[in-house]
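Presented below is the structure to which this report refers.
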Amino acid sequence: MTLRRIFYQIFISFFIIIILALITVTWYSRDLAKNFYLSNTSDNLKDLAKVVAAQIEEDLSLQQYARIKRKMNNLGQVSETRITVILPNGKVLADTDEDPGVMDNHINRPEVQQALEDGEGSSIRFSNTIEIHLMYKALKMQSSDGETLAIVRTALPIEDIETTLEIIQNRILTAGLIVAIITALLGWFTSRRISKPLELMTKGIQHFGEGKLDTRLPNVKNHEVNQLAEALNEMAGQLNEKIKTIELQKSELKTILDSMAEGVLAVNCEEKVIMINAAARQLLGIDGKHVHDRYIQEVSRNTQLQNIINRTLQSGKFIEDEIIMRRTEIRYVQTHGTRLNSEMGQTIGALIVMNDVTRLRRLEQVRRDFVANVSHEIRTPLTSIKGFVETLYDGAIEHPETARKFLDIITRQANRLNAIIDDLMALANLEQDEERAAIQFEIKAVKDVMDSAVEICQPSASQKNIHLTIECDGQLSVSMNPMLLEQALVNLIENAVKYSPNGTHIKLACDTDAQWAHLTVQDEGIGIPKEHIARIFERFYRVDKARSRKLGGTGLGLAIVKHIVKLHNGKLSVDSLVGKGSTFNMYLPLS
């Protein structure tokens, strides 16, 4: 009973596959043929419409409608295709099969509507005029200035296509039935021959499929099948040992590669990916995991990387280069390429190791910019002091008024130099505190700190008749270092005072959301151009250098604010419109 069930299972499955294949091929062939004929007919109708449009274009422009009707009558005598010329308002101007005077307005015909909207349209439907199914193709004619002149519509009956499709389908079905009968007979005899010993092996093979390679297939009376069982048993034993070794090596290699900070990419000689680790995916911006055996050109569009791979495969030398990844932000990646060789010494691919050196490059650039800016900022007051001292030595000291004037300038420059040094020291202290986590925090009301900052800045604001106000809930408290937060607010308020006209208003405010306390300093000053906003928190960066120095700024105030907010695990941003003012936003965590 069991053997019979396996026998019928094999035979019936085989027969069902044949029937399904026959149905699928028949359906697909018919559908393919139908689409081909319909597409070919549509293209022919479109080409004919273009020819007709070219013939009547001049007549339409001159409104020679009688000539167009004569041409359509002539075409109707020599062509099996129905051709209709329709005015933009839907009125039929000429038709090869019917009198235009008795035809309905065609403005609502689907192919006409589509042609008016898209330039061309098509449909397959029943024609009420000649009472047959037709395929329609409509083409819009336009004048040189874009005005719609008319719609040229061509049509063909589709009965011939349906007849051809039925013939093809019947032939395919006939051939398929013959093949199915022959195949079913062969399947019957084959199933009878192999079904007997098959059940004895089925369970053992199922164990192999489940990965239980320690299982052994039993011996059977069928000599051929018994030989197969012995071969499978031997193969299972060898596979079991090899798979265990491979899985262990694969696991070790994957663990090592995925734990590496460097990106590792291996390609074969055809430049198809054979291995890539997580770090390389991140560097190359590859989201999908299925990149194995795909060309590197598909995986990454970076031409520099492709060039390095190509050079590595061709030269055979150790290649070292740096590539630039341009995505949401520019990243600098140092690459090392070398050939992969087999045990026989043949080249089987290339190995590329990638290191992200973006932070290093940025730090180098920041260091260079910082040294240049510090040198420039310190040189300016020193040069001024030296120049006026030399002038005093040259005799200006003999004139008390001139000497006093020069000494005042020297004092101002010395004070400016001292302010720069103080701000540099403050930044250095903030960075040291950040590294050592030496800053002490306490829960304190934000409004108290705002009141203190406003009190410090009130004298300078009063000199320019600038009104300072605070809108803040006195109960709002956050974890902060009050002195540092006060310093940040003072820097922002002093900046706002410097760059705001007399008699304006500066507002300090605070509110909260689910995660942040939001502190703002809003002024009505000159504003910051959009292209400068991203860099204003850099050290010594000035939007207007001459004006900043004239107002006594060191160029470090906003950099200090940025570090203070960072020490509070907060965020800093600015919204500004030129001529309207700026709003500096500090976000401090509530917990």
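Readers should treat all values here as calculations from the given coordinates under stated rules, not as data from a laboratory. Computed from a predicted model, the values in this text were never measured in an experiment. No Cβ is skipped: glycine too gets one built from the backbone with ideal geometry, and neighbour counts run over all protein chains shown.
Things to note:
- Spin-label model distance (nm) - ARG67 vs GLN463, 7 Å beyond Cα toward Cβ: 8.9
- Length added when fully stretched, LYS405-SER251, from 0.36 nm per residue minus Cα-Cα: 47.5 nm
- GLU241/SER123 FRET efficiency (R0 60 Å; Cβ-Cβ; nearest 0.05): 0.30
- In a fully extended conformation the segment linking LYS566 and GLU471 would gain 31.8 nm over its present Cα-Cα distance, using 0.36 nm per residue.
- With a Förster radius of 41 Å applied to the C-beta separation of ASP214 and SER29, the computed FRET efficiency comes to 0.25.
- Unsatisfied cross-links (Cα-Cα over 18 Å) in the set LYS50/LYS137; LYS447/LYS507; LYS507/LYS580; LYS447/LYS498: LYS447/LYS498
- Linear extension gain, SER315 paired with THR328, 0.36 nm per residue minus alpha-carbon span: 1.4 nm
- Zone of ASN341's modelled label, taken as backbone nitrogen in segment 311-326 under 17 Å from a point 7 Å along Cα→Cβ: 312-319
- Between GLU442 and ALA231, the modelled labels are 8.7 nm apart [label points 7 Å from Cα along Cα→Cβ].
- Relative packing of 485-491, 245-251, which averages over residues the other C-beta atoms within 10 Å, highest first: 485-491, 245-251
- Calculated FRET efficiency, GLU98 to GLN55, Cβ-Cβ distance, R0 = 25 Å: about 0.80 to the nearest 0.05.
- Flagged links, alpha-carbon separation over 29 Å, of LYS34/LYS69; LYS250/LYS272; LYS405/LYS464: LYS34/LYS69
- Within straight-line reach of LYS242, meaning a Cα separation under 17 Å, sit the following aspartates and glutamates at least 8 residues removed in sequence or on another chain: GLU210, ASP214, GLU234, GLU252.
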